[in-house]
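Just so it is clear, none of the values below were taken in a lab; they were calculated from the coordinates. Everything numeric here is computed off the predicted structure, so don't read it as measured data. Here Cβ is always computed from backbone atoms with ideal geometry, including for glycine, and neighbour counts include all displayed protein chains.
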Amino acid sequence: MSNAPAEEVPTEEIDLAIANQVIDKYLTLPGNLMPVLQGIQEEYGYVPKPTVALVAERLNVYPSQIYGVLTFYAQFHLKPRGRYIIRVCVGTACHVQGAERIVETFFDKLHIGHAETSPDLRYTFEKVACLGACGMAPLAMVNDATYGSMTVQKVEQIIADYNQRPMK
Ligand code: FES
């Protein structure tokens with residue numbers, strides 16, 4: 001039996017050929033650690049542990065140095081993320097317009113909490129600060145799509161819609 005946490009993808013499922021291609025692309029570039037890590041995240045959707053070991057070996061840097069970068073920059077993710085990233089704004093304007101109810105409804109319907117990913121990797125849910133469209137409060141986003149004046153009914157419609165969408 002594996003001791004790996006449920007959300008961790010087993011090492012054997014990571015195709016390191018893709019990471020090697022990304023590293024090849026930037027190998028001779030000075031200061032290549034950031035573009036390599038960004039490229040890996042673009043390909044896999046996150047930075048899998050085995051790719052960190054590979055990058056360390058091929059760029060001749062310590063894994064601890066790489067983890068330092070990965071944890072410092074919020075753009076990087078160390079765990080798999082959902083195909084659809086749902087963000088609900090909990091900034092002041094959205095809070096006043098009932099954002100917490102919207103958040104709770106997503107929690108109830110998706111059975112995941114803040115910064116969690118559904119086991120089927122369809123959804124990641126995040127509460128976020130002001131998204132800069134306060135006039136549309138309460139506001140939600142799914143990937144790049146914006147949904148304003150959110151209601152409980154709209155949450156249900158969004159989930160029904162995205163449940164039908166492809167995973168690729
Ligand atoms: S407070 Fe939600 S968009 Fe500004």
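Per residue, how big is the convex hull of the chain when only Cα atoms are used? Give it in Å³.
Details: hull volume 23.5 nm³, N = 168.
Expressed per residue, the convex hull around the Cα atoms of the chain is 140 Å³.
Here Lys154 is the anchor, and the lysines within straight C-alpha reach of less than 16 Å, apart from those fewer than 8 places off in the same chain, are Lys109. To the nearest ten degrees, helix 152-163 and the longest principal axis of the Cα atoms of the chain are 40 degrees apart. Helix 63-72 axis versus longest C-alpha principal axis of the chain: approximately 20°, rounded to the nearest ten. Roughly how many whole Å is it from the C-alpha centroid of region 92-120 to that of region 27-78? What the calculation gives is 31 Å, centre to centre.
Ignoring lysines fewer than eight residues from Lys49 along the same chain, the ones with Cα atoms less than 22 angstrom from its Cα are Lys25, Lys79.
Using only side-chain charges placed at the Cβ, +1 for Lys and Arg and -1 for Asp and Glu, the dipole size of region 11-72 relative to its Cα centre rounds to 260 debye. Shape index of region 11-72: Rg/Rh, with Rg the Cα radius of gyration and Rh the Kirkwood radius from the inverse mean 1/r over Cα pairs, equals 0.91. Write out the cysteines belonging to the chain for which the nearest other cysteine Cβ is not under 4.7 Å, or none if no such cysteine exists. Lacking a cysteine Cβ partner under 4.7 Å: Cys130, Cys134.
Quick one: compute the contact order of the chain, relative version, from alpha carbon pairs under 8 angstrom and 6+ residues apart, as a percent. Worked out over the chain, it gives 19 percent. The label point for Arg101 and the one for Leu16, both projected 7 Å from the Cα toward the Cβ, are 5.3 nm apart. The helix-only estimate of mean residue ellipticity at 222 nm for the chain, built from DSSP H runs of length n ≥ 4 each weighted as -39500 (n - 2.57), is -13000 deg cm²/dmol after division by the residue total. Here region 84-163 is described by how far its Cα atoms reach on the three principal axes: 34, 22, 22 Å, from widest to narrowest.
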